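Below is one structure, written out as structure tokens, with a few remarks after it.
None of the figures in this text is laboratory data; all of them are computed from the coordinates on show. Note that this is a predicted model, so its numbers are computed, not measured. Every residue, glycine among them, receives a Cβ derived from its backbone with ideal geometry; neighbour counts consider all protein chains shown.
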Amino acid sequence: DGGITQSPKYLFRKEGQNVTLSCEQNLNHDAMYWYRQDPGQGLRLIYYSQIVNDFQKGDIAEGYSVSREKKESFPLTVTSAQKNPTAFYLCASSRQGRSGGELFFGEGSRLTVL
Amino acid sequence: AQSVTQPDIHITVSEGASLELRCNYSYGATPYLFWYVQSPGQGLQLLLKYFSGDTLVQGIKGFEAEFKRSQSSFNLRKPSVHWSDAAEYFCAVAKGNAGNMLTFGGGTRLMVKP
């Protein structure tokens, strides 16, 4: 079955450490996205990529980095520069263009900084 | 820039009762509008979407939503709520010419009483 796989589901990190969250999709989608979810704030866009080897900052990119070396993969690194990294992180993908805006989401990764 | 407001953070309804979740958006042109549902600790699933045409749209799981341009609203409704509908619901808006770039509201958590 096609879908989006995020790993790990739970991750604990000490302050000052970088961590990388994995996102893999087998839907053959061109576009991929990373969102951060905090209680009461909905989802906020961190980074997005519409094509391999290209990505753009979203609304809250500071302290995060991404890469898009393969169509299927869009890993997110939470760096030590991110002041408040504890959150639920969601990866999504979609077809390119005016395809209807349907995002397909992974099940999320919960990051806790100790 | 577009924005989305969901005025109700929490709503509790009895099983079998009707439901209406409110969503107001701010966007100058014709928006693309969406409702997503999220079960605890999971990703988001699309319930329904509006692009153009009939202002009353039908979605999955018996949900519907009505686009009212004069009120800048896109409220979600269900005639009879089931216990399995307990979840968090997100309204989202996209620019008409960039249908995949979504701005989400803060979400409404629905609780269902037996």
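If the condition is being in a strand (DSSP E or B) and either on the phi > 0 side of the Ramachandran plot or among the hydrophobic types (A, V, I, L, M, F, W, C) (or both), then the stretch A:74-94 contributes A:Leu76, A:Val78, A:Ala87, A:Phe88, A:Leu90, A:Cys91, A:Ala92.
From the set of residues in the stretch A:44-97 that are of a type in the set (Asp, Glu) and either surrounded by 20 or more Cβ atoms within 10 Å (Cβ to Cβ) or farther than 25 Å from B:Val93 by Cβ (or both), which is nearest to the chain's Cα centre (by Cα)? Spell out the reasoning first.
First, the residues of the stretch A:44-97 that are of a type in the set (Asp, Glu): A:54, A:59, A:62, A:69, A:72.
Okay, now just the ones that are also either surrounded by 20 or more Cβ atoms within 10 Å (Cβ to Cβ) or farther than 25 Å from B:Val93 by Cβ (or both), so A:69, A:72.
Working: A:Glu69: 15, A:Glu72: 13 Å.
Taking the candidates together, the pick is A:Glu72.
Would you check if A:Gly106 is facing another protein chain (nearest Cβ under 8 Å) and crowded, with 20+ Cβ neighbours inside 10 Å? Even if it seems obvious, please write down each step before you answer.
Values: facing another protein chain (nearest Cβ under 8 Å): yes; crowded, with 20+ Cβ neighbours inside 10 Å: yes.
Answer is yes for this residue.
Please go through the stretch A:22-73 and pick out each residue that is assigned to a loop (DSSP other than H, G, I, E, B), of a type outside the set (Val, Ile, Thr) and either more than 18 Å from A:Phe105 (Cβ to Cβ) or away from every other protein chain (no Cβ under 14 Å) (or both).
Of all residues in the stretch A:22-73, those assigned to a loop (DSSP other than H, G, I, E, B) come to A:26-30, A:38-42, A:52-53, A:58-63, A:67-69, A:71-72.
With the extra rule that they be of a type outside the set (Val, Ile, Thr), the set shrinks to A:26-30, A:38-42, A:53, A:58-59, A:61-63, A:67-69, A:71-72.
Passing the criteria: A:Asn26, A:Asn28, A:Gly40, A:Asn53, A:Ala61, A:Glu62, A:Gly63, A:Ser67, A:Arg68, A:Glu69, A:Lys71, A:Glu72.
Those strands (runs of 3 or more DSSP E) of the stretch B:1-49 in which 1 or more residues are closer than 16 Å to B:Gly106 by Cβ and either among the charged types (D, E, K, R) or touching a Ser or Thr at 6+ places or on another chain (Cβ under 9 Å) (or both) occupy B:3-5, B:10-14, B:19-21, B:24-26.
Considering B:Ala92, B:Ala86, B:Ala65, which residue is crowded, with 21+ Cβ neighbours inside 10 Å and either over 30 Å from A:Pro8 (Cβ atoms) or away from chain A (no Cβ under 14 Å) (or both)?
Values: B:Ala92 fails: either over 30 Å from A:Pro8 (Cβ atoms) or away from chain A (no Cβ under 14 Å) (or both); B:Ala86 fails: crowded, with 21+ Cβ neighbours inside 10 Å.
Checking each option against the conditions leaves just B:Ala65.
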